[in-house]
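Reading through the structure tokens given below for one structure.
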Amino acid sequence: MSSTIPSLERARALRAEASRPNRAEIEAAIRTIIRGVGEDPERDGLIETPSRVARALEEAFAGYAQDPVEFLKKTFEETGGYDEMIALRGIRFESHCEHHMAPITGQAWVAYVPSGRIVGISKLARVVEVYAKRLQVQERLTVQIANAIDVVLKPQGVGVVIKATHHCMTARGVRKPGSDLVTSRMLGCFRDNPATRQEFLALAV
Ligand SMILES: [Zn+2]
């Protein structure tokens, strides 16, 4: 079962890549949106807007071109026998919800208990960054971060907590500014050992 999921994802990625529009097509689509809101895309102030928006989109969704499994593979084994929790706290990120393409802004807490191998701490932040720079739901973002660390590092356990604000519900729709959504994923000793889970949650909240 687990081997069919990556191959389905790969097939979907290949299909998306084959039908991917070029930059000129993307800019034409943005000019259509500008006309759609009742504006003139040829007006001086708007003439460069399609290329600016296209560049901003490339930046916002740069995560599709990167695979965290690749950069997590570079691990260190000279840990001096360190076997306690390693936690990177309050990693700020910006993502976009896949239902409205509206910003999701928040922070992630990522922790693991190693079993022999550790990873450079900046890599923990990069895992968050790569999955955030895709169209997301927060639940899946949480799971993807934890699973990538679990699959590559094979630690004793992984914990991920994400707190984020969804602009699709704070700035539009039901308009509830100030609310945030908290999600978590606990694997291995974070799931099985209440003391480990508590230690992590005490760091996170
Ligand atoms: Zn949304």
Item to complete: Taking amide H positions as placed in the peptide plane 1.01 Å from N, state which residues far from Glu98 in sequence (5 or more) or on other chains have amide H under 5 Å from it.
Response: Gln136, Val137
Item to complete: Would you please state the base-10 log of I(q)/I(0) at q = 0.15, 0.18, 0.21 1/Å for the range 1-116, with intensities from the Debye formula using one equal scatterer on every alpha carbon?
Response: -0.98, -1.18, -1.31
Worksheet item: Hey, what did the range 156-205 get for relative contact order, percent, Cα under 8 Å, at least 6 apart?
Response: 42 percent
Worksheet, complete the sentence: Amide H neighbours of Ser115 at under 5 Å, excluding residues fewer than 5 places away on the same chain, with H built from the backbone geometry, are Gln156
Practice prompt. Can you tell me the dipole magnitude for the range 1-140 around its Cα centre, using point charges on the Cβ only (Lys, Arg +1; Asp, Glu -1), in Debye to the nearest 20?
Written response: 220 debye
Fill in: Extension gain from Leu201 to Arg23, taking 0.36 nm per residue of separation minus the Cα-Cα distance
59.7 nm
Worksheet, complete the sentence: Highest GNM mean-square fluctuation among Arg89, Arg43, Arg15, for the chain with Cα springs under 10 Å, belongs to Arg15
Worksheet entry | Segments 156-165, 183-192, 68-77 sorted - mean Cβ within 10 Å per residue, highest first | 156-165, 183-192, 68-77
Worksheet item: What is the helix-to-structure angle for 121-132, meaning the angle in degrees between its Cα long axis and the longest Cα principal axis of the chain, kept from 0 to 90 and rounded to the nearest 10?
Response: 40 degrees
Discussion item. Below 10 angstrom from the Cβ of Gly120, what's the summed charge of the other residues (Lys, Arg +1; Asp, Glu -1)?
Written reply: +3
Response to the item:
Placing +1 on each Lys and Arg Cβ and -1 on each Asp and Glu Cβ in the chain, then taking the dipole about the Cα centre, the residue among Gly106, Asn193, Ala18 whose Cα reaches farthest towards the positive end is Asn193
Worksheet entry | Whole-number percent relative contact order across the chain, with pairs defined as alpha carbons under 8 Å at least 6 apart | 18 percent
Discussion item. Which log10 I(q)/I(0) values does the chain give at q = 0.11, 0.14, 0.16 Å⁻¹ under the Debye formula, counting every alpha carbon as one identical point scatterer?
Written reply: -0.63, -0.92, -1.11
Worksheet entry | the chain: most fluctuating residue of Glu98, Glu39, Glu58 per GNM, C-alpha cutoff 10 Å | Glu39
Worksheet item: Counting pairs of Cα atoms in the range 46-93, how many percent are more than 17 Å apart?
Response: 66 percent
Worksheet item: Straight-line reach from Lys133: which aspartates and glutamates have Cα under 12 Å away, leaving out those fewer than 8 places along the same chain?
Response: Glu58, Glu59, Asp67, Glu94, Glu98
Practice prompt. Relative to the longest principal axis of the C-alpha atoms of the chain, give the angle of the C-alpha long axis of helix 49-60, reported between 0 and 90° and rounded to the nearest 10°.
Written response: 10 degrees
Practice prompt. Per DSSP H run of n ≥ 4, the term is -39500 (n - 2.57); total these for the chain, divide by its residue number, and report the mean residue ellipticity at 222 nm rounded to 500 deg cm²/dmol.
Written response: -13500 deg cm²/dmol
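Just so you know, all these numbers are worked out from the coordinates, no wet-lab data involved. Keep in mind that this is a model prediction, so the values were computed, not measured. In this analysis, Cβ positions are derived from the backbone assuming ideal geometry, glycine residues included, and neighbour counts consider all displayed protein chains.
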